[in-house]
Structures are given as structure tokens and as C-alpha cells.
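Only one structure is covered here, and it is reproduced in the block below.
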Amino acid sequence: SNVKLLLVEGYQEMSKVAAQLFAQEVKRKPDLVLGLATGGTPVGMYEELIRMHRTEGLSFSQATSFNLDEYVGLDAQHPQSYRTYMQEHLFAQIDMAAERTNIPRGDAQDLEQECARYEQAIAEAGGIDIQVLGIGTNGHIGFNEPGSSASSKTRVVQLTPSTIEANARFFESVEEVPTQAVSMGIATILGAKKIVLLASGEAKAQAVRDMLEGEMTPDVPASLLQMHDDVTVIVDAPAASLL
Ligand code: GLP
């Protein structure tokens, strides 16, 4: 495949290299559409972008953003909602216009309508210019769990027990972790012009190998990225240990 692999030493370097790729696109096209992700992995990249905003004048004032996903049942103010995460880790510390930051509404009355609205909003914005992704230990991207088809769009998805377990660290107990999410689909993600996937730590090593060296299969949703022509995967040494 033509996936570009960047091997780096550790989390810090991964975060800096990723932030550079994003900053380059923001400078090239100030009114671009960013595709954003949550989880532990992109925190360092967001910190680096905040630093560049503060010290180098990197501006997001004309940018639009769309996040990959949101938990079903959590309102925007919930401490573990992805809206709260984005406010804390990025939006409150840079100059993005609040009305141009988009995250699915996990508390929408009509979730199917919310999914269709979200998909259409991405299209109306002209599509995503650059999308950042993490990867789940089971190879999921966004909340596209194993079994997600390459043609999937934004929809309500069921979280697997392993994902619920992995995300329980952010909640008081595993019982509090929502069991469903609204997530961009694989086709939505593949619609991005550029994709940057980040993986750090030994726990991701098997998923990284399956994504890059395994066959393209919905059993490993990240492997479906092999069909995209502009994917950069930034992997630190522990996550690359099985390559
Ligand atoms: C979460 C998110 C994904 C994220 C993945 C890995 O469930 N929905 O977008 O990439 O799991 O998370 P982490 O970066 O914390 O390892």
C-alpha cells in the first residue's frame, strides 16, 4: 500500500511531528476543515499546537473542525463528553470560532437524524482536509469497531466490551461508560483528503501490525485505511515493535 510510515522514538516526538503536519496545512489553507480525535493519544499533539498558537502565532481563526465521535447519552457539559475533552485540551486555548467546532450530539432526541445532519454538515463544509486518528487496541478508528464496513457513514455504534474496558479509566467505574456512540463511519473518514494516524505504546503494537501488514478487512477497521492514497502513520518505537 502507499501508507507513509514515520517511525519516531516516543510520544513527544510523535506529537511534535503530527503537530507539524497539521500546522503546515493550517498555514497553507487557513480556512481548512480539521478532523479531530479524542483519547489519550492526540493530547500531546494538541499541546504542541497550543504552544505554536501562543509562541508562533499559528492561527485557527478561520478553521472549521469536525470530531470523529461522541458518546451516546452524555450531554455536552458532562465531564467525560468528548465536547468537554475538546474544550479542555484544545478549543479553550486557541482561537477557533466556537460555532465552527462540530462534534456529534450524543444527547440528541433523534440520533439517526443527528447522524444524517452531521454527515451532511461535513459535506457542506467541503469535506475534511486533514484528519487525525488514534487507534484502538482492537484496530478501531473513531468508534468503528471490528465489523465496520468500508462504506459506513456517521451512525450509532455499539461499543465492544474491550473498548468499554479501555475507556473505563476516564470514568468512576466501568458501569458509567456509555455502551453506544455516534461515530463517523469508515467512508466518512476515507473521505478526508489527508489522514494522519498516531500510535504510541506497546499496547498498540499488534493493532499497528495488523493495520499495516495484514489484509484489508473490516475485522481490523484501521486496515481499511490502506485503500486511501494519503495516509501518514506516525508510530513510536514500542508501538512499532512488532513490525
Ligand atoms: C477511543 C476513541 C478513539 C481512540 C481510541 C484509542 O475509544 N474513540 O478515537 O483513537 O479509543 O484511545 P487512546 O488514544 O486513549 O489509546
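All of the numbers you see were taken from the coordinates with simple rules; none came from a lab. The model shown is predicted, which means the values in this text are computed figures rather than measured ones. Every residue, glycine among them, receives a Cβ derived from its backbone with ideal geometry; neighbour counts consider all protein chains shown.
Which is the longest stretch in the chain that no exposed loop site breaks, taking sites as GluC sites (Glu not before Pro) with a DSSP loop state and at most 10 other Cβ atoms within 10 Å?
Value returned for the longest uninterrupted segment is 10-171.
With each label point set 7 Å from Cα along the Cα-Cβ vector, what nm distance links residue 24 and residue 168?
4.1 nm
Determine the percent antiparallel among the DSSP beta bridges restricted to the stretch 4-236, to the nearest 5.
Among the beta bridges of the stretch 4-236, antiparallel pairing accounts for roughly 25 percent.
Only residues of the stretch 192-234 count here: report those whose backbone N is under 16 Å from the spot 7 Å along Cα→Cβ of residue 2, or say none.
Of the residues in the stretch 192-234, 192-196, 225-233 have backbone N under 16 Å from the label point off residue 2.
Can you compute the helix-only [θ] at 222 nm over the chain? Use -39500 (n - 2.57) per DSSP H run of at least 4 residues, normalise by all residues, nearest 500 deg cm²/dmol.
Only helices count here, giving -9500 deg cm²/dmol.
What is the fewest-to-most order of 174, 157 by other Cβ atoms lying within 10 Å of their Cβ? Before the final figure, lay out the partial values.
On the way: 174 12, 157 23.
So the ranking, lowest neighbour count to highest, is 174, 157.
If you place +1 on the Cβ of every Lys and Arg and -1 on the Cβ of every Asp and Glu, how big does the dipole about the Cα centre of the stretch 142-243 come out, in debye to the nearest 20?
So the magnitude is around 380 debye.
Sort the stretch 4-236 into rounded, prolate or oblate with this rule: let a ≥ b ≥ c be the square roots of the eigenvalues of the Cα gyration tensor; rounded if a/c is under 1.5, and if a/c is not under 1.5, prolate when a/b is larger than b/c, oblate otherwise.
Values: a/c = 1.29, a/b = 1.07, b/c = 1.20.
Rounded shape, in that the Cα axes give a/c under 1.5.
Below 23 Å, Cα to Cα, which lysines can residue 4 reach? Residues fewer than 8 away in the same chain don't count.
16, 27, 29, 193, 194, 204
Express in whole angstrom the spacing between the alpha-carbon centres of the stretch 189-222 and the stretch 114-186.
14 Å
Any idea what the dipole of the chain comes to, in debye rounded to 20, about its Cα centre with Lys/Arg Cβ at +1 and Asp/Glu Cβ at -1? Each step should come with its number before you reach the end.
Numbers: 18 positive and 33 negative charges, 138 e Å.
With Lys and Arg at +1 and Asp and Glu at -1, about 660 debye.
Extending each Cα 7 Å along its Cβ direction at residue 93 and residue 78, get the distance between those two points in nm, one decimal.
Modelled inter-label distance: 2.5 nm.
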